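One structure below.
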Amino acid sequence: MNEKIAKALTDANAVKFGEFTLASGLVSPIYVDLRILPSYPESMAAVTEELVKVVKKLKPEVIAGAETAGIPLSTAISLKTKIPMIYVRKRPKSYGTMEMIEGVLKKDAKTILIDDMATNAFSKIRFIDGIKHAGGVINDVLIVLDREQGGVEALAKENVKLHSLITLKELLSYMKENNMIDDNKYNEILTYLEQNK
């Protein structure tokens, strides 16, 4: 488990409990809000440091931030690595160039998609399609948190590897070990995750 990441996310109060509808359409008793990271510079720095380590190993030519949560993360990575950055829209813009990509993406440039998290990764496939349509080559998606609800498998079908810094189960284990959640809450969430793979 990456304790540095677990601490960064809990320090930023990113984990919420209740009833939430996710981007995937699933209803969940837990929500991890990573869009708030830029409001917590120390947590943001810790997370981007770890993302940079993975990016340096994968050696992309272009970093693509997924709208919206991936944009601040990819900006920070680009500034630290000096690798050019683009961002990918959820849908083509309705004016001007009508493109999904903002920035310069050269044909056949090895691109990595950066986003905050994945549930079933269906939204990632739209971003991947946008990059491919614009001429980029993409084999890797890098996220902070994997909810482990089918993302790895969905992307594998697209010949894309999903890399994550931490899984939701690892984050929950850290919270339980540090008395941030009790056994009942921990077991409730684990049961939910098992039933909603």
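List of remarks:
- When residues of segment 140-194 are limited to those that are of a type in the set (Ser, Thr, Tyr) and surrounded by fewer than 18 Cβ atoms within 10 Å (Cβ to Cβ), the one farthest from SER74 (Cα to Cα): THR191
- Search result, residues across segment 38-68 that are farther than 26 Å from LEU105 by Cα and surrounded by fewer than 19 Cβ atoms within 10 Å (Cβ to Cβ): SER39, TYR40, PRO41, GLU42, ALA45
- Residues that are in contact with a helix residue (DSSP H, G or I) (Cβ under 8 Å, 6 or more places away or on another chain) and surrounded by 15 or more Cβ atoms within 10 Å (Cβ to Cβ) within segment 8-28 comprise ALA8, LEU9, THR10, ALA12, ALA14, VAL15, SER24, SER28, listed in sequence order.
- Count - residues of segment 2-30 that are modelled with pLDDT under 95 and either at positive phi or in contact with a Pro (Cβ under 6 Å, 6 or more places away or on another chain) (or both): 2
- Of all residues in segment 37-59, those that are closer than 14 Å to ALA8 by Cβ and at pLDDT 95 or above have Cβ atoms under 8 Å from Cβ atoms of residues that are among the aliphatic types (A, V, I, L, M) and surrounded by fewer than 21 Cβ atoms within 10 Å (Cβ to Cβ), 6 or more apart or on another chain, in LEU37/MET44; PRO38/MET44.
- Lone unmet requirement of (1) part of a helix (DSSP H, G or I); (2) over 23 Å from GLY25 (Cα atoms) for GLU188: (2)
- Within segment 101-147, the residues that satisfy the criterion of being assigned to a strand (DSSP E or B), farther than 30 Å from THR10 by Cα and among the charged types (D, E, K, R) are GLU102, LYS110.
- Of all residues in segment 148-165, those satisfying the criterion of being assigned to a loop (DSSP other than H, G, I, E, B), of a type in the set (D, E, K, R) and over 19 Å from MET1 (Cα atoms) are LYS157, GLU158.
The values are calculated or read from the model by the stated rules, or taken from the named source; none is laboratory data. In this text the structure is predicted, and so the values were computed from the model without any measurement. Glycine gets a Cβ as well: all are built from the backbone with ideal geometry, and neighbour counts include every protein chain shown.
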